[in-house]
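In what follows, a structure is listed as structure tokens, so that the remarks can point back to it.
The values are calculated or read from the model by the stated rules, or taken from the named source; none is laboratory data. Worth saying up front: this structure is predicted, and the values here are computed from it rather than measured. Glycine gets a Cβ as well: all are built from the backbone with ideal geometry, and neighbour counts include every protein chain shown.
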Amino acid sequence: MGRMKKSISIAVLVIEAGLLGISSCATVPNKPLAPGELRLLSVLVPEKEKIKVNLPFVVKIRFEAEGTPEIRAACFTLSGDGPHCSKVTDVDYGSPGTIQAQIRTKNPGSRLLEGYVLYLRDGEIQPTNVVSTYLPLIPQ
């Protein structure tokens with residue numbers, strides 16, 4: 001009986017940890033957008049298996065916006081290194097929209113890529129919410 005209880009307890013802990021992990025990745029609020037607001041939905045690295053240290057690679061961010069806010073920069077942190085901000089190379093205000101930027105890393109072994117965007121709203125530069133993705137280990 002004690003062994004079965006221990007197995008059930010472990011299963012419950014594993015499920016709770018999984019649910020916590022899912023909810024911690026959900027950084028996108030569900031409330032409606034305010035006028036001029038920009039909200040990031042996800043970040044994608046199209047050729048993540050080709051990433052090399054010190055070589056630029058493309059990052060695409062999906063977003064939704066109320067209107068067409070002026071995007072100033074895309075900022076990224078790679079496994080704690082950053083944030084490093086760069087100019088955006090392309091913006092498509094579709095539904096959803098996409099932002100494209102090029103970044104590089106100096107850290108082999110990096111895994112977690114987090115990003116946000118700086119944009120102009122009501123005459124002030126505002127940061128968006130943060131989106132993230134995991135990359136394969138980056139070789140030296």
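With the requirement that a residue be surrounded by 14 or more Cβ atoms within 10 Å (Cβ to Cβ) and within 22 Å of Thr68 (Cβ to Cβ), what does the stretch 90-103 give you?
Result: Val91, Tyr93, Pro96, Gly97, Thr98, Ile99, Gln100, Ala101.
For the stretch 93-123, name all the residues that are under 15 Å from Lys48 (Cβ atoms), charged (D, E, K, R) and assigned to a strand (DSSP E or B).
Glu114
Of a type outside the set (Ser, Thr, Tyr), without any contact (Cβ under 8 Å) to a residue 12 or more places away in the chain and surrounded by fewer than 17 Cβ atoms within 10 Å (Cβ to Cβ): is that true of Lys87 in this structure?
no
Which of (1) outside any loop (DSSP other than H, G, I, E, B); (2) modelled with pLDDT under 95 is the odd one out, the single condition Thr68 does not satisfy?
(1)
Just one of Val43, Val58, Val53 is on the phi < 0 side of the Ramachandran plot and buried (at least 18 other Cβ atoms within 10 Å of the Cβ); which is it?
Val43
Give the residue, chosen from Val28, Val131, that is at pLDDT 95 or above, touching a strand residue (DSSP E or B) at 6+ places or on another chain (Cβ under 9 Å) and at negative phi.
Val131
Select from the stretch 92-140 the residues that are under 16 Å from the mean Cα position of the chain (by Cα) and basic (Lys, Arg) and list them in ascending order.
Within the stretch 92-140, Arg104, Arg111 meet the criteria.
Before we move on, is Lys106 closer than 22 Å to Tyr134 by Cα and among the basic types (Lys, Arg)?
So Lys106 passes the test.
Is it true that Ile99 is out of contact with any Cys (no Cβ under 6 Å at 6 or more places or on another chain) and at pLDDT 95 or above?
yes
Any chance the stretch 109-132 includes a residue that's farther than 26 Å from Ser79 by Cβ, of a type in the set (Ser, Thr, Tyr), surrounded by fewer than 18 Cβ atoms within 10 Å (Cβ to Cβ) and in contact with a Ser or Thr (Cβ under 9 Å, 6 or more places away or on another chain)?
no
Could you check, for the stretch 40-61, whether at least one of its residues is closer than 25 Å to Gln140 by Cβ, under 17 Å from the mean Cα position of the chain (by Cα) and among the small types (Gly, Ala, Ser)?
For the stretch 40-61, residues closer than 25 Å to Gln140 by Cβ, under 17 Å from the mean Cα position of the chain (by Cα) and among the small types (Gly, Ala, Ser): absent.
Residue check, Lys106 against (1) surrounded by 15 or more Cβ atoms within 10 Å (Cβ to Cβ); (2) modelled with pLDDT under 90, all met but one. Which one?
So Lys106 meets the others, but not (1).
Answer yes or no as to whether Ile15 is modelled with pLDDT under 95 and among the aliphatic types (A, V, I, L, M).
So Ile15 passes the test.
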